[in-house]
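Worksheet: the structure to be examined is printed underneath.
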Amino acid sequence: MIAIHVLLTENQLAAEFVAAFEARSLPEKFFYWLPLSVRAWLALCSDGAYRNFVRSRSLIARTAPELARLYPAAPLEVLSLGAGQGDKDLLLLEALREQGARSAYIPVDTSQALLEMACGGALRAGIAAQGIKADFTRPEQLLSLAAEPEAPPRLVLLLGNTLGAFDPIAAARQLRQLLRADDALLVDGELYAGDATVAGYDNPLNRRFAWAPLHSVGIGDADGALVFEARDDPRLPGLHLIAKHFSATRAVEARMGGGGEAVRIGRGERLEMNHSYKYAADTLLRILSDAGLAVRWQAASDDQRFLMALASPA
């Protein structure tokens, strides 16, 4: 039996989805919520052409035994924020088990479908799991994820460049508040490589994934264009943003349900979509340090395009 504790209901998500369209915005969580989006995401991950997934997963696969040796044969909670389908988490959970750590797995995501996959994979591997359906970018829901003082130490995972899906400077500070003295955060980020980074997003595979939530509400390729833009964030040197938006080339209606509810988007209007931050290596480490975290271990992918760090409260 898969156990999922719900802090964010489907009705709340549906209301937020309509409100987001009305505000001409489509935040990160909705790219993993609708059935078409989940299917597009899983297809994207299953194809080796999506290099960022390959980089992140390969880095975990290579370093999981080394990371697991940092933890004693004792109880450990593994809290995965934005866990998705949990396949990268499972690599680390199995390595921890081989080292004798007794892990309890707690994946957190807004996607019910992906949470079921994450919990199911862990349970089939014989690892205790309970999912939490929540939006950890909401301060009140992040606070509800805090461990009880007497609970075992925690390893908090934030993998797949998930930190970059939000404001990494603010998110790192918020995550620091989640950690007790003996907890740790394992986070990775994509290192910026100019045009090569942009090309990793502006390609047919990723465009299919980006279009999925629009297709779900009846907006098609003929209704407008997806535009990707790279720019620097002036707050820190080495902090870069890949942004995207939908630009309507004709008036369209996003159909929000069977009751005739629709949101009209006029010709020439923009719908801002989710973004992704990238870093220089020292910039990612600085963001963690400025948030009050001390990096105790780090490793890079084979092609030096992903950096992963294990950090504890300073």
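Tell me, yes or no, whether segment 222-243 has at least one residue that is within 25 Å of the chain's Cα centre (by Cα), modelled with pLDDT of 95 or more, crowded, with 16+ Cβ neighbours inside 10 Å and among the acidic types (Asp, Glu).
yes
Which one of these is buried (at least 19 other Cβ atoms within 10 Å of the Cβ) and either without any contact (Cβ under 8 Å) to a residue 40 or more places away in the chain or within 24 Å of Tyr279 (Cα to Cα) (or both): Leu205, Leu143, Leu191, Leu114?
Criteria check complete, one pass: Leu191.
Are any residues in segment 245-260 in a loop (DSSP other than H, G, I, E, B) and at pLDDT 95 or above, and if so, which ones?
Answer for segment 245-260, where residues must be in a loop (DSSP other than H, G, I, E, B) and at pLDDT 95 or above: Thr249, Arg250, Ala251.
Just to be sure I understand, how many residues within segment 155-199 are touching a Gly at 6+ places or on another chain (Cβ under 7 Å) and either assigned to a helix (DSSP H, G or I) or of a type in the set (Lys, Arg) (or both)?
So the count comes out to 4.
How many residues, within segment 99-113, are small (Gly, Ala, Ser) and within 22 Å of the chain's Cα centre (by Cα)?
Residues in segment 99-113 being small (Gly, Ala, Ser) and within 22 Å of the chain's Cα centre (by Cα): 4 in total.
If Arg39 satisfies every condition in (1) in contact (Cβ under 8 Å) with a residue 60 or more places away in the chain; (2) in contact with a strand residue (DSSP E or B) (Cβ under 9 Å, 6 or more places away or on another chain) but one, which is the exception?
Among (1) in contact (Cβ under 8 Å) with a residue 60 or more places away in the chain; (2) in contact with a strand residue (DSSP E or B) (Cβ under 9 Å, 6 or more places away or on another chain), the lone unmet condition for Arg39 is (2).
Give me the residue from segment 261-293 that is assigned to a strand (DSSP E or B) and under 22 Å from the mean Cα position of the chain (by Cα) and, out of that set, surrounded by the most Cβ atoms within 10 Å (Cβ to Cβ).
The selected residue is Lys278.
Being closer than 30 Å to Glu261 by Cβ, buried (at least 21 other Cβ atoms within 10 Å of the Cβ), in contact (Cβ under 8 Å) with a residue 12 or more places away in the chain and more than 15 Å from the chain's Cα centre (by Cα), is that true of even one residue in segment 150-167?
For segment 150-167, residues closer than 30 Å to Glu261 by Cβ, buried (at least 21 other Cβ atoms within 10 Å of the Cβ), in contact (Cβ under 8 Å) with a residue 12 or more places away in the chain and more than 15 Å from the chain's Cα centre (by Cα): absent.
Kindly indicate the residue of segment 1-53 that is hydroxyl-bearing (Ser, Thr, Tyr) and assigned to a loop (DSSP other than H, G, I, E, B) and also surrounded by the most Cβ atoms within 10 Å (Cβ to Cβ) among those meeting that condition.
Filtering segment 1-53 for residues that are hydroxyl-bearing (Ser, Thr, Tyr) and assigned to a loop (DSSP other than H, G, I, E, B), the one surrounded by the most Cβ atoms within 10 Å (Cβ to Cβ) comes out as Tyr32.
With respect to Leu67, is the statement that it is in contact (Cβ under 8 Å) with a residue 24 or more places away in the chain and within 23 Å of Leu34 (Cβ to Cβ) true?
Taking the combined requirement at face value, the residue does not satisfy it.
The values are calculated or read from the model by the stated rules, or taken from the named source; none is laboratory data. The shown structure was predicted, so the numbers you read here are calculated from the model rather than taken from an experiment. Cβ: placed from backbone, ideal geometry, glycine included. Neighbour counts: every protein chain shown.
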